[in-house]
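Working notes for the structure below.
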Amino acid sequence: MLLYNSATRTRQEFVPLHKDIVKMYTCGPTVYHYAHIGNLRTYIMEDVLDKYLRFTGYNVKRVMNITDVGHLTSDADEGEDKMLKGAKREHKTVMEIAQFYTDAFFEDCRKLNIRRPDVVEPATACIDEYIKIITRLMDTGYAYFAGGNVYFDTSKLARYYVFNDFNAEDLAEGVREGVEADANKRNKNDFVLWFTKSKFEDQALKWDSPWGVGYPGWHIECSGISMKHLGEDLDIHCGGIDNAFPHHTNEIAQSESYLGHKWCNFWMHVHHLNTTSGKMSKSSGEFLTLSLLEEKGYDPLAYRFFCLQSHYRKALVFSWENLDNAQGAYLKLIAKIAALKPGSSVVVQEDFFKLRDKFTAALDNDLNTSLAVTVLYDILKAKTTDDTKLAALDHIDNVLGLNLIDKAIEKRAADAAEKAAAEQAKANAQFAVIPEDGVEDPTITARIHERQRAKRERNFEVADRIRDELKAEGIEITDIPGGAKWKRV
Ligand code: AMP
Ligand code: ZN
């Protein structure tokens, strides 16, 4: 399988570091708000990678952190703690906020068929790991203590700018509006490993450490959690493209300085979901959630389908029109699958493998999901049996996660129910129910129609029972040509 590696800027053959396991790490959500559908694009595409590796036979161990402390409103180690900001906004404690939005995140994942990683670890549960790493970085001179905080010293590295093409000068200019330069830093790109001093002294979560009571920086959590569960190396680290710098760059800096060797082999970055006016972001407050899409009548899996239709290394523009088109195409696809007849034939192995190979060829090419989606149509058009098509669709849906077969079964049942209702309505219209006193009673009319339906279906037991029940209520039915009369006796 060829996978683009952001660290080498090339597509490389994916070869696991160890024979028996693929170690995969994913930057998890910052749980101070709902995930927006941009975040979810990243998790959908990472899920495809996770599932495809398993599909091809690898034993994957995937770890994800939950950022419930330390992520400030600016990447430049300044600003308010995002969690605290959420807690203030909603008049809750930080831990209440974290629990609420963690649950909401996994509920979104469930609806989108995103497999829960094997290990999900909140940042607040691994403080000892961070202290262990920072202690060694201090001992070996990679970190320093200044103004109450512990910083990583980027000047100690031969190579720091792994994930960007900026030169040092550009980055030196990089203090953003509203963010003051931190005078304690020896170098512009140094970053905080441990805070004891913050401009916002009301930081709710604090732990004891060799450098004083405080809390970890954001970047250290991913290194600590990954090493805790996956050891000293890593096959694939994933995240959205915005995490490449500074977050992942800093993860590499501190991890490799701590370990004394290379840490992660492949870096997979999912490009952004943008709105027509720019990047969708949580902090701008302007974002769409999965629940909002559902409220507007969209199936979460239509959103998954929308994401699969484009390559993960291209920015994807969200618009309602684009989503409408995706939902329309998804429903049409389901309808076509529903029209196939299961059990009508046999699975032709040779055809099945040919179709499967088309699918794997698409995903082996740097996870080309848009091409993989077209394979679904190739399967439907293939000159083979319905059972072969259904088996192939079912098989590849283990990766695409579109619930194709279940949705087709639902669709078939819904169509059958609709057809039966239409037939019943037609039959009712042709069968007159006449009250002898001229006073209509919709309940009695419905029951007489029900009796007529039972008779039509030659279910005489039910027909007689309805007649007896009506009789017991004092209602007598007389059959007439093209209908029935009734009266109260
Ligand atoms: P956060 O909860 O902000 O830490 O982000 C969770 C994940 O979503 C990270 O992997 C981000 O890189 C990713 N992400 C953030 N914004 C977008 C976006 N507009 N499109 C795709 N992924 C994004
Ligand atoms: Zn991370």
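The values are calculated or read from the model by the stated rules, or taken from the named source; none is laboratory data. Note that the structure is predicted; figures quoted are calculated from it, not measured. Cβ: placed from backbone, ideal geometry, glycine included. Neighbour counts: every protein chain shown.
Given the conditions (1) more than 12 Å from ligand 1 (Cβ to nearest atom); (2) touching a helix residue (DSSP H, G or I) at 6+ places or on another chain (Cβ under 9 Å); (3) in contact (Cβ under 8 Å) with a residue 24 or more places away in the chain, and given that residue 325 satisfies all but one, which numbered condition is not satisfied? Condition not satisfied by residue 325: (3).
How many residues, within the stretch 23-62, are surrounded by fewer than 24 Cβ atoms within 10 Å (Cβ to Cβ), of a type in the set (Lys, Arg) and outside any helix (DSSP H, G or I)? Residues flagged as surrounded by fewer than 24 Cβ atoms within 10 Å (Cβ to Cβ), of a type in the set (Lys, Arg) and outside any helix (DSSP H, G or I) within the stretch 23-62 amount to 2. Only a single item in (1) within 16 Å of ligand 2 (Cβ to nearest atom); (2) in a loop (DSSP other than H, G, I, E, B); (3) of a type outside the set (S, T, N, Q); (4) modelled with pLDDT of 95 or more is not met by residue 18, and it is number (1).
Scanning the stretch 381-394 for residues that are crowded, with 16+ Cβ neighbours inside 10 Å and not in a loop (DSSP other than H, G, I, E, B) turns up 386, 387, 388, 389, 390, 391, 392, 393. Being modelled with pLDDT under 95, of a type in the set (A, V, I, L, M, F, W, C) and within 16 Å of ligand 2 (Cβ to nearest atom), is that true of even one residue in the stretch 54-69? Checking the stretch 54-69: at least one residue is modelled with pLDDT under 95, of a type in the set (A, V, I, L, M, F, W, C) and within 16 Å of ligand 2 (Cβ to nearest atom).
Being modelled with pLDDT of 90 or more and in a helix (DSSP H, G or I) is a property that holds for residue 445. Report yes if residue 376 is in contact (Cβ under 8 Å) with a residue 24 or more places away in the chain and either outside the structural domain of residue 456 (by TED's automatic domain parsing) or exposed (fewer than 13 other Cβ atoms within 10 Å of the Cβ) (or both), otherwise no. Against the criterion (in contact (Cβ under 8 Å) with a residue 24 or more places away in the chain and either outside the structural domain of residue 456 (by TED's automatic domain parsing) or exposed (fewer than 13 other Cβ atoms within 10 Å of the Cβ) (or both)), residue 376 qualifies.
Considering 258, 312, which residue is assigned by TED's automatic domain parsing to the domain that holds residue 141, at pLDDT 95 or above and hydroxyl-bearing (Ser, Thr, Tyr)? Selected residue: 258, the only one of 258, 312 that is assigned by TED's automatic domain parsing to the domain that holds residue 141, at pLDDT 95 or above and hydroxyl-bearing (Ser, Thr, Tyr). Considering only the stretch 124-147, I want to know if a residue exists there that is within 27 Å of residue 304 (Cβ to Cβ) and hydroxyl-bearing (Ser, Thr, Tyr). Scanning the stretch 124-147, I find no residue that is within 27 Å of residue 304 (Cβ to Cβ) and hydroxyl-bearing (Ser, Thr, Tyr), so the answer is no. Based on this model, can you work out whether residue 463 counts as out of contact with any Lys or Arg (no Cβ under 6 Å at 6 or more places or on another chain) and of a type in the set (Gly, Ala, Ser)? No: the conditions fail for residue 463. Taking the criterion of being closer than 16 Å to residue 238 by Cα and either at pLDDT 95 or above or not polar (S, T, N, Q) (or both), the residues of the stretch 21-33 that qualify are 22, 23, 24, 25, 26, 27, 28, 29.
Can you find, within the stretch 1-15, the residue that is farthest from residue 65 (Cα to Cα) among those that are assigned to a loop (DSSP other than H, G, I, E, B) and in contact with a helix residue (DSSP H, G or I) (Cβ under 9 Å, 6 or more places away or on another chain)? Filtering first and then ranking leaves 1.
Residues that are of a type in the set (Lys, Arg), within 15 Å of residue 411 (Cα to Cα) and part of a helix (DSSP H, G or I) within the stretch 313-354 comprise 332, 336, listed in sequence order. So for the stretch 410-433 (the condition being closer than 30 Å to residue 43 by Cβ and in contact with a helix residue (DSSP H, G or I) (Cβ under 8 Å, 6 or more places away or on another chain)), does at least one residue qualify? Yes, that holds for at least one residue. Consider residue 357 carefully, then state whether it is out of contact with any Cys (no Cβ under 8 Å at 6 or more places or on another chain), acidic (Asp, Glu) and either free of Cβ contacts under 8 Å to residues at least 12 places away in the same chain or not in a helix (DSSP H, G or I) (or both). So residue 357 fits the description; yes. Would you call residue 207 within 14 Å of ligand 2 (Cβ to nearest atom), farther than 29 Å from residue 366 by Cα, among the hydrophobic types (A, V, I, L, M, F, W, C) and modelled with pLDDT under 95? No; evaluated as a whole, the condition is false for this residue. The set of residues from the stretch 264-279 being in contact (Cβ under 8 Å) with a residue 12 or more places away in the chain, farther than 17 Å from residue 163 by Cβ and not hydrophobic (A, V, I, L, M, F, W, C) comprises 274, 275, 276, 279.
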